Amino acid sequence: MTPLTCRLAALSGLVLAATLSPTPVRASDDNSESGKLVGTWFTQASIRDCNSGVVLRTFSAINTFSSGGTMTDITAAASPALRTSGLGTWEKAHAQTYSATSLAFLFNLGGVWTGTQRLTHSIRFNGGDIEFTSKNEIFDTTGTVTTTGCATAVGRRL
């Protein structure tokens, strides 16, 4: 291994270890508006026809929002061999409302990278639950949009 390869491998390991840390993240001020979203949420997501709103498919997902404004999403909609976890950011938009965007890499059955998925969410608190309205965009490896879609989700804090 070259020195550069060793440094990149070590840096990748540190980033992975920090990302997978089992230490729970808590808001620094439990009464703050932005702190309400911080934590891990178990959601039930529904892919919908964008025109009619008819539910086409439903699946579970887990969304984690960290106090620094980053997020991770994991979904049961696709095999982990076909879609990586989504990584992204979130921010407060208005009272009780947040926006978030995440990106995930997509692969075919042979393990070849086929594109990227971008999810853009509007998240609203409804009592102790959260509700998502989401836009799904699939990009090929050149960055061209190939598919778009709509979804909603409801979630509870773990």
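Points worth noting:
- Checked against the criteria, A100 counts as closer than 13 Å to F132 by Cβ and among the aliphatic types (A, V, I, L, M).
- Residue match in the range 108-120 (condition: in contact (Cβ under 8 Å) with a residue 12 or more places away in the chain, closer than 18 Å to G155 by Cα and among the charged types (D, E, K, R)): no
Let's see how each residue does on (1) of a type outside the set (D, E, K, R); (2) closer than 12 Å to A151 by Cβ; (3) in contact (Cβ under 8 Å) with a residue 60 or more places away in the chain:
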| position | (1), (2), (3) |
| --- | --- |
| K36 | no, no, yes |
| Q44 | yes, yes, yes |
| I47 | yes, yes, yes |
| V55 | yes, yes, no |
| G69 | yes, no, no |
| D73 | no, yes, no |
| A78 | yes, no, no |
| L82 | yes, no, no |
| G88 | yes, no, no |
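- Scope the range 63-96; condition within 20 Å of E131 (Cβ to Cβ), touching a Ser or Thr at 6+ places or on another chain (Cβ under 6 Å) and assigned to a loop (DSSP other than H, G, I, E, B); matching residues: A76
- The single condition from (1) over 13 Å from the mean Cα position of the chain (by Cα); (2) in a strand (DSSP E or B); (3) surrounded by fewer than 16 Cβ atoms within 10 Å (Cβ to Cβ) that S99 fails is (1).
- Residue list for the range 67-95, restricted to those being within 21 Å of L158 (Cα to Cα) and exposed (fewer than 14 other Cβ atoms within 10 Å of the Cβ): G68, A76, E91
- Test: residue in the range 108-125 that is of a type in the set (F, W, Y), in a strand (DSSP E or B) and closer than 16 Å to G88 by Cβ: no
Values in this text are rule-based calculations from the coordinates and carry no lab data. Small disclaimer: the values here were computed from a predicted structure and weren't measured. Glycine also receives a Cβ, built like all others from the backbone with ideal geometry; neighbour counts cover every protein chain displayed.
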